[in-house]
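The block underneath contains the structure these notes are about, expressed in C-alpha cells.
Read-outs throughout are calculated quantities, based only on the coordinates presented, and are distinct from any laboratory measurement. None of these values were measured; they are calculated from a predicted model. Cβ: placed from backbone, ideal geometry, glycine included. Neighbour counts: every protein chain shown.
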Amino acid sequence: MIMSNEQAGEKTEQATPKKLQDSFNQGQFAKSAEIQTLLVTSGGLGSLMMVGPEIWEQSAKIMTSLLTEANSIDIKQEFLQTQIRTSGTTFFKMVSPVVGASAAGGLIAGLSQTKLKLTTEAINLNWNKINPINGWKKIVSTNALVTAAFSSGKILILGSFLYFEARKAIQSPIFSSSVSIGDFIKFVSLTTASIFTKFIIVMIFFALIDYSYQLWKTSRDLMMTKEETKEEHKNQEGDPKMKGRRQQMRMAFRQRRMIQDVPDADVILTNPTHYAVALKYNPKGMTAPKVLAKGERLFAAKIKELAKENKIPIIENKPLARSLYKSTPVGHEIPAAMYSAIAEILAAVYRLNPYKYHAQGKGA
C-alpha cells in the first residue's frame, strides 16, 4: 500500500497542453538569461562598432579644439557652460544608438521567449517569492548550484578568451614600430571588431547551452502524477457519472416531448417489437410526412400503447420501420426514397377512417 501511494505521487507524466498553458500564463516557462545577455550585448557592441569611428573622431575634435585654443581661451563661466553643453549633446548623440540597440535587444529577447505575449499573473505580487525561507531554499537548491557552476565556467572561459585575445593584440608588431595615427586607429578598429565577433560567438554557445537546460528543467518541473492527469482529464471532459446523468436527463426530456406528440400521429410503423416510428402528414403545411416520435424496445412499446389509447393505426413493416428509425431524426421529414412506400401506407390508413382524415383534408 505504501509503495502504491509513493508511485501514485511520483511525477512520471509529461505536462498536458492545459498545464503548459496555465504555467505559461503564470510566467513559468523556459526562459534563458543568457539569451537576454546575448542580444543586449550584441545590440550594444554591434552599434558601437558602427558608430565607434564617429565617436572617436568627435572626441578627438573636441580634445584637439580644447588643447589648440588652451592658451587663447578666456575661461569664464559662460565658456565652460557652452563647452559642457556642446560636449554633452555630442556625447548623447553618439551614445544613444548604443543604448537604443541594447534596449531593443533586451526587448526582442523578452518577447521572443514569451512568444510575443505578456502575462499579467507573472507580475502579480506573490508572497512566496519574497519569503526569506523560500529564498534560502533556492540558494541551497540544486538549481542554484547548477547556475553557480555555469556562471563560474562562463566567467572563466570568457575571461581566458579576452586575456589571450588582448595578449595577442598587444604582441602585434604595430606597437614596436612607428605608425601614423590613422593606421593605429584602423588597427584598433579591426582588432576590436574581431574580438567582439569572437566574443559574440562564444556567448551564442553559452546561450544555447543555457536555453537547452532551461527547456529540460521546465519540462521536468511541470511533469505530473498519474492522479493529476486523471483529475485534469475529468475536469475538462466532465465526470463520467455526471456526464452519463446529463445524457440520461436529455434523453428523458426528448422522450417526454415525443410522448406529447404521439397522439397527433397519423400512423405508427413497427418492427414489431424492436422499433416504433410515429408519422404525421398534413398536405397544407408539409411537403412530406414527418417523424413525430421514434423509439426502440421499451420506448417503442410505450409509443404503441399511446397509439392504441388514441386509436392511431399501427402498421407492421419491418424493413421500413427499421430504415426510418435509423435514417430520420425526430422532427425531420422522411427521405425522398421512401415517399412511395409511405404514401401507400398513408393511403391505406386514410381508407380505414375516411371521415376522420377527410375532415383534416387528407386522403380520399
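Taken one residue at a time, the phi angles of the stretch 271-285 give Karplus couplings (6.51, -1.76, 1.60, θ = phi - 60°) of 9, x, 9, 8, 10, 9, 10, 9, 10, 9, 9, 10, x, 7, x Hz. Gly and Pro are set to x. For the pair Phe150 and Leu107, a Förster radius of 25 Å applied to the C-beta separation gives a FRET efficiency near 0.55, rounded to the nearest 0.05. Pairs exceeding a 19 Å alpha-carbon distance, out of Lys280/Lys311; Lys31/Lys230; Lys18/Lys226; Lys11/Lys217; Lys18/Lys230: Lys31/Lys230.
The convex hull drawn around the Cα atoms of the stretch 246-359, when projected onto a plane and averaged over every direction, covers 6.9 nm². Close amide H pairs (under 5 Å, H built 1.01 Å from N) link Gly295 with Ala276, residues at least 5 positions away or on another chain. Annotation: the stretch 202-297 has a Kirkwood hydrodynamic radius of 19.2 angstrom, from the mean reciprocal C-alpha pair distance. Backbone geometry of the stretch 174-179 corresponds, through the Karplus equation with coefficients 6.51, -1.76 and 1.60 at θ = phi - 60°, to 3J(HN,Hα) couplings of 5, 7, 10, 9, 8, 10 Hz, x marking Gly and Pro.
Please report the relative contact order for the stretch 246-359, taking Cα pairs under 8 Å with a sequence separation of at least 6, and give it as a percent rounded to a whole number. It rounds to 27 percent for the stretch 246-359. As a rough footprinting exposure proxy, the listed residues Met338, Met258 were ranked by other beta carbons within 10 Å of their own, and the order from fewest upward is Met338, Met258. Using the Cβ-Cβ distance between Phe187 and Ser212 with R0 set to 56 Å, the FRET efficiency works out to roughly 0.90. The string of couplings for the stretch 190-206 from the Karplus curve (6.51, -1.76, 1.60, θ = phi - 60°) is 5, 5, 4, 4, 5, 5, 4, 4, 5, 4, 5, 4, 5, 5, 4, 4, 5 Hz, one whole number per residue in order, with x for Gly and Pro.
Please compute the net charge surrounding Tyr275, taking Lys and Arg as +1 and Asp and Glu as -1 over other residues with Cβ under 9 Å from its Cβ. Write out the running numbers ahead of the final one.
On the way: positive: Lys294, Arg297, Lys318, Arg322, Lys326; negative: Glu296.
My count for the surroundings of Tyr275 gives +4.
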